[in-house]
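Just so it is clear, none of the values below were taken in a lab; they were calculated from the coordinates. Worth saying up front: this structure is predicted, and the values here are computed from it rather than measured. Counting neighbours? That spans all protein chains shown, and the Cβs are built from the backbone with ideal geometry, glycine included.
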Amino acid sequence: MNFIGRKEELTRIRDMLNTRDQSVALLYGRRRAGKTELLQKAMHDSGLRGIYYECRESSEASNTEALSEIISDVFGIPGLSFSSFPLALKFLFEQATTEPLIVIIDEYPFLRNVVAGCDSELQVLIDTYRNTSSLKLFLSGSYIETMKQLMSYDNPLYGRADVKIDLQPMDYFESSLFYPSFSPEDKVRLYSVFGGIPYYNQMISEKKSVRQNLIDLLVKRGATLENEVDIYLQGELSKLENANEAFSAIAKGKSRFSDILSQSHIESSSALSAVLDRLTRMGVVEKLAPINDPSNKRKTGYYIADNMTLFHYKYLFRYSSQRAVMDPDVFFDRYIASDFEEQFVPKQFEVICKQYLIRQNRTGNPEEPFWAIGKYYYDLPAERRNGEFDVVTEDDRGYTFYEVKFRKAPVTAEMVREEIEQVNATGLNCYRYAFFSRSGFAGDVPEDIIKIELKDLYTKP
């Protein structure tokens, strides 16, 4: 398969490789995000001699022996052997004094666990060869918290990294490049489940329907990606009980801290706070406050940010007993199909529309660039009701309200009028209104309304 996406990250890495000076880069991101493929693509395209080594969860001696074999092969020096990993690295730094050399140390956290003073040893080599070597060193890892520690003030490697890349999942547009033959509607459905993780997206078959892809990859017993969510979480968390409770509550629509606590069986608010903080740092949960009251903790909500994790807890984990004894097609029709189409995908479509707006904003396309996007909270004490508008932007002129419709019928002028009246009734003062529509627009929708059709999201990068 051809390499897809990651243009911005590739550009940053190539800029680093095009310099003659020694450089160090830290690349980190969640498991399956495509770190290895990105680094290998950059190394291959550079034309420079390169060493790629993936650290093992084994002893220093084992890692040193494995790296020694790679160095022997790359430099054509049979039988080359080093007594320690730092000495093997020193050899590479020395070689880079006579020619540019790329060295990629993948899953670096494994190495830190077995090499005493690993960060300090590396810091000494970086400083020693700073002005004489042309080494391009990449340290990569999936354990995000460990990798971020390398940038902390009290770490020996503090200040040594010239480039830092936090490799996030791809957005909806880049993800769709993995399955270009699907319709825009089906691209939305696929992204709603598989998100922006390249490893998942490359497994989608364009010869199958969305339904069949979901069944084959996730729903049926022994599905290819059946255990992906559990494996990822187990790699990051020592215990899953509280995480399972929090995820289950959020997947049922609970977002406020107090609601999650009451819905779950987590024993205390401190325990819930600890697990939500950890899941937020991992990037699988996001903590969102309304853009019109960002400091109000009572209005802050927690949401599952990883699409497959949300699908897993909303359908597979919740109905695991039924799934174990039912035919996968029957299970899909009974527990997934209707809710997926009527609730799950339309909600995820809102996320896609936000990403579209951000893409447009970054390229300077909007007439008035916005500096905030998110939910808008309203409170009407006299009417004893409150709520949120899910997609609102704020710029120097004020607020723009976006209504997102993933429905078969087109948006009509009457629907537009009713939505605007409802918005005005809450006191939200917008200077502009916009509508996203899966099925286009019908009737005399006013000219001053921004109209965005589904096809626009996939034709305007």
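What the table below lists for this structure:
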| read-out | value |
| --- | --- |
| Top positive-direction residue, dipole computed over the stretch 255-352 with Cβ charges, set SER270, VAL285, SER321 | SER270 |
| Neighbour net charge for LEU87 - beta-carbon separation under 14 angstrom, K R +1, D E -1 | -3 |
| Rounded to 5, the percent of DSSP beta bridges in the chain classed as antiparallel | 30 percent |
| Sum of side-chain charges, LEU135 neighbourhood, beta-carbon under 14 Å (Lys, Arg +1; Asp, Glu -1) | +1 |
| Angle in degrees between helix 60-75 and the longest Cα principal axis of the chain, rounded to the nearest 10 | 80 degrees |
| Of (1) 77, 54, 48; (2) 76, 53, 40; (3) 76, 71, 39, the label for Cα extents along the principal axes in Å derived from the coordinates | (1) |
| The chain: angle of helix 184-194 to the longest principal axis, Cα-based, in degrees nearest 10 | 60 degrees |
| Two-site label geometry, LYS7 and SER152: point separation in nm, points 7 Å out along Cα→Cβ | 3.8 nm |
| Counted charge near THR400, where neighbours are those whose Cβ lies closer than 14 Å (Asp, Glu -1; Lys, Arg +1) | -4 |
| Angle between the chain longest axis and helix 85-95 axis [Cα atoms, degrees, rounded to 10] | 80 degrees |
| Ordering of 356-363, 231-238 by burial proxy (mean other Cβ atoms within 10 Å per residue, highest first) | 356-363, 231-238 |
| Relative contact order for the chain, counting Cα pairs under 8 Å that sit 6 or more residues apart, in percent | 12 percent |
